[in-house]
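Laboratory data are not the source of any read-out in this text; all were calculated from the coordinates shown. From a predicted model like this one, the values you see are computed outputs, not experimental measurements. In this analysis, Cβ positions are derived from the backbone assuming ideal geometry, glycine residues included, and neighbour counts consider all displayed protein chains.
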Amino acid sequence: MLHHAPLITTIAVGLVAAFILGFIAQKLRLSPIVGYLTAGLVVGPYTPGYVGDVDLATQLSEIGVILLMFGVGLHFSFRELLAVRKIAIPGAIAQMTFATVLGTGLGFLMGWGTAGSLLFGLALSVASTVVLLRALEERQLLDTRAGHIAVGWLIVEDLAMVIALVVVPVLAGDGATGGELFTELAFTVLRVGGFVALMWIVGRRVIPWTLARVADTGSRELFTLGVLAIGLGVAVGAAWMFQVSFALGAFFAGMILRESSLAHRAAEDSLPLRDAFAVLFFVAVGMLVDPSIILRQPLALIATVAIIVGGKFIIAFGLVRALKYSRSMALVIAASLAQIGEFSFILVTLGADLDVLHQDARDLVLAGAIFSIILNPLIFAWVSRYYARKHEENDPEEEALPVATTAQGHVIVVGYGRVGARAAQALWDQGVPTVVVDDDEDRVKAIREDGHEAILGNAARGKVLRAAGIESARAVLVGVPDPLNAGAVVAKARSLAPDADIVARGHREPDVAYLEEQGASHVLVGPHEVADLMVTRVAD
């Protein structure tokens, strides 16, 4: 009977194996990702026993990538994407170039020829969307400046891969000319530009309007279905009409939907499915790996992992530092990108189909991916220990470490934008002990130079709020404009300080209900408060 339901069987066996081994990994104080990858090995074609459907697992994992990028888009605006372009574009291009050169050199040493070596190097140069986002989300770094740069960097890599997937078949073909290559590149640029223009001109009006009409029906299941239909529909439509990646299409759909007041509800509704399918992504990766490559090519495997983890880390770190960013930001970005994933698998599969990639090269990329994914949480753990050690040594360059306040009965102001800065200044003028929390290094530095206390970090992280003295604070003012980010801050603050007075800001009626549900004592909405003040003034 199992043979008649391969889809159900693949999902069931994959999730059950991932749950059991992920739980064991967690108990062993390892990342659950290690368990998910091991589950893929267990049910894969290279180990005895049950063998899952690799093609189905790969397609299911692609849904996870789509939902994950859709969720990221809900946190990311066009303004934020443009804000990091000066580092993301040159950084991504330079890192991909250096990593490709290193991989190509290893390919030449293995005797794979020019085409195969170049493709192998290119496969080692692009990071995994799923791994990067999971790592940033687990450490509450996604909404920080470093997180935005890492995501922007990843988007540039995705765009480069879209071009590569067009160019590789042309180069692999017999008699490919420069004119044919230029034509394909021109068409690719036009397709991507057409998709972005369509989303900006039409999508930003149609998508929020459609979801609002669905919400008006009052049906929760229809709303959830609408969210999934938008995320998956735009991703598939973008791939079909414009030949861009599923991930890129879903990301832009999320950014467009962010303009809607229902963005936070859409993010919450898509979260469970996103997590489930992300697990299937790791299971699918594990299924592709042939463990015998460890014995067949041990030195080549070590060199491959060294390029992915060590080479890419060093290159990214050096590039970010060269662009005058802090050491802490450079470490976070470098750790985020020191791995490979889904685009690498697509490239090696394409190379195998075109008969330009050696079988060992394919196995090395897949094995290198699984080792890099396993090592990535350890790299982040090392980065955390590095922070702690530097803090103990009082290294002046490490401003990213939150320095704990000694204030008591104070007010914490989260976010130093227009609202937060005005609130903090008013409190200081009245002599109220106030600590500002912000993730912008320049702002924090300026506040400290003015003689006030400020903590650098993401206030959705417990250690940052503890450094701000959340346990002894009398009130928390959340000036963050984005309801999604504000909700995460409010929820964490409420869990750490059940009795604190937490005041947040919103823009529309749905924001009030959402933030109060997260634990806000009071939510201020601009038009409401202005109207109340106007009435109070004339009534007096």
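Per-structure values
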read-out	value
Among 15-24, 325-334, the order from most to least packed when residues are scored by Cβ within 10 Å on average	325-334, 15-24
Helix-only CD estimate at 222 nm, as mean residue ellipticity for the chain, using -39500 (n - 2.57) per DSSP H run (n ≥ 4)	-23000 deg cm²/dmol
FRET efficiency estimate (nearest 0.05) - Cβ-Cβ, VAL236 to ASP499, R0 60 angstrom	0.80
Protection-proxy order for peptides 417-426, 348-357, each taking the mean of Cβ atoms within 10 Å per residue, highest first	348-357, 417-426
Cα-based reach from LYS445 at 20 Å (exclusive), listing lysines while leaving out same-chain residues under 8 positions away	LYS324, LYS390, LYS463
Cα→Cβ-extended label distance, 7 Å offset, between ALA306 and TRP200, nm	4.5
Phi-based couplings in Hz for the range 36-41 (Karplus 6.51, -1.76, 1.60; Gly and Pro marked x)	5, 5, 5, 4, x, 4
Extension gain, LEU82 back to ASP355 (0.36 nm per residue minus Cα-Cα distance, nm)	94.4 nm
Efficiency of FRET from Cβ geometry, GLN408 and VAL167, R₀ 60 Å, rounded to 0.05	0.45
The chain: antiparallel DSSP beta bridges as a percent of all, rounded to 5	0
Distance between modelled label sites at HIS452 and ALA229, nm, 7 Å Cα→Cβ extension	4.8
Label-to-label distance, nm, for residues given as LEU295 and GLU471 (7 Å Cα→Cβ offset)	5.4
³J(HN,Hα) computed for each position of the range 226-239 - Karplus, 6.51 cos²θ - 1.76 cosθ + 1.60, integer Hz, glycine/proline x	x, 4, 5, 5, 5, x, 6, x, 5, 4, 5, x, 5, 5
Hz values of 3J(HN,Hα) by residue in the range 42-51 - Karplus curve (6.51, -1.76, 1.60), Gly and Pro given as x	5, 9, x, x, 9, 10, x, x, 4, 10
Amide hydrogen neighbours beyond the local backbone of THR434, cut-off 5 Å, H modeled	VAL411
